[in-house]
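These notes are about the structure you will find just below.
The values are calculated or read from the model by the stated rules, or taken from the named source; none is laboratory data. None of the values given here were measured: they were computed from a predicted structure. Here the Cβ positions follow ideal geometry from the backbone for every residue, glycine too, while neighbour counts run over all protein chains shown.
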Amino acid sequence: MRCLAPFEAVLPPLVVCFMAAWNPVAGQGPAEWWDDIDAAPPGMHVIEADSVYRVSGFTYDDIYREMQRNGPGADDIGIRLGLHVSQWRYSFELVERRGGACRLIDPKVLLHSRIILPHWTNVSTAPPAITRGWRPFMAALRRHEEGHRSLAKSQAVRLWQSLLGLEARDCDALRARIVAVAGRVLDEGETAQAAYDRDTGHGSTQGASWPPRP
């Protein structure tokens, strides 16, 4: 039996909303946490690095225009008020056994997760009627983007679980199988994220609409 060199791959970024230019003005350091998992599985890590973009104004329209100008882009349904972007890295080692059979060992998955939200610079001096609408809007927008993050973490766990114990007749065949498995998991993740946006109206049914709906 001999161990081949470790392998690392980077899956393409999964942009949950269309990403355009944005202006980060604050952020958080890396953290590890799992919403619905008692403890992170061995070999699983998540890095969260959240940012904000500035908006200013004293009316609903002013703030909306600032979101349009400084926020994370738009698509055919309108501007994006928030954004979640995720990228997975995975690595493993291959063990070649007698007879040429090959087995994957020590899989590791790293998820980079970023949420981008607006930061209203005039919130302390704006009319009370506007600020009363802003706070529940921001809570709903954060909740929606955290939903995207939770889906990304669940998909990262599925990737790790799918890699465990993979075997093939030789290491070339196993590498091809690994690529196919990772691609399938990525496709499932994109489908789940799209369904979440469709079911929530991109957050509008959760209250993430601006101006706030009556």
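What residue, of Arg135, Arg143, is out of contact with any helix residue (DSSP H, G or I) (no Cβ under 9 Å at 6 or more places or on another chain) and either among the acidic types (Asp, Glu) or more than 15 Å from Tyr90 (Cβ to Cβ) (or both)? Answer to the selection: Arg135. Only one residue in Ala126, Ala101, Ala140 is at pLDDT 90 or above and closer than 26 Å to Arg175 by Cβ. Which one? Of Ala126, Ala101, Ala140, the one residue that is at pLDDT 90 or above and closer than 26 Å to Arg175 by Cβ is Ala101. Among the residues of the stretch 87-128, the ones that are more than 30 Å from Arg54 (Cβ to Cβ), in contact (Cβ under 8 Å) with a residue 60 or more places away in the chain and either small (Gly, Ala, Ser) or touching a Ser or Thr at 6+ places or on another chain (Cβ under 7 Å) (or both) come to 4 in all. Here the condition is being modelled with pLDDT under 95, of a type outside the set (Phe, Trp, Tyr) and over 30 Å from Phe58 (Cβ atoms); of Arg213, Arg158, it holds for Arg158 alone. Each residue in the stretch 113-148 was checked for being over 21 Å from the mean Cα position of the chain (by Cα) and in a helix (DSSP H, G or I), and 9 pass. Hey, does the stretch 63-76 have a residue that's part of a loop (DSSP other than H, G, I, E, B) and at pLDDT 85 or above? Among the residues of the stretch 63-76, at least one is part of a loop (DSSP other than H, G, I, E, B) and at pLDDT 85 or above, which makes the answer yes.
Scanning the stretch 77-107 for residues that are surrounded by 15 or more Cβ atoms within 10 Å (Cβ to Cβ) and not in a strand (DSSP E or B) gives Arg80, Leu81, Gly82, Ala101.
Among residues of the stretch 35-58 being at pLDDT 85 or above and of a type in the set (D, E, K, R), the one that is farthest from Trp88 (Cα to Cα) is Arg54.
The rows are residues; the columns are (1) surrounded by fewer than 13 Cβ atoms within 10 Å (Cβ to Cβ); (2) in contact (Cβ under 8 Å) with a residue 60 or more places away in the chain; (3) in contact with a Ser or Thr (Cβ under 6 Å, 6 or more places away or on another chain); (4) hydrophobic (A, V, I, L, M, F, W, C).
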residue	(1), (2), (3), (4)
Leu151	no, no, no, yes
Ala156	no, yes, no, yes
Ala173	no, yes, no, yes
Asp187	yes, no, no, no
Gly201	no, no, no, no
Ser204	no, no, no, no
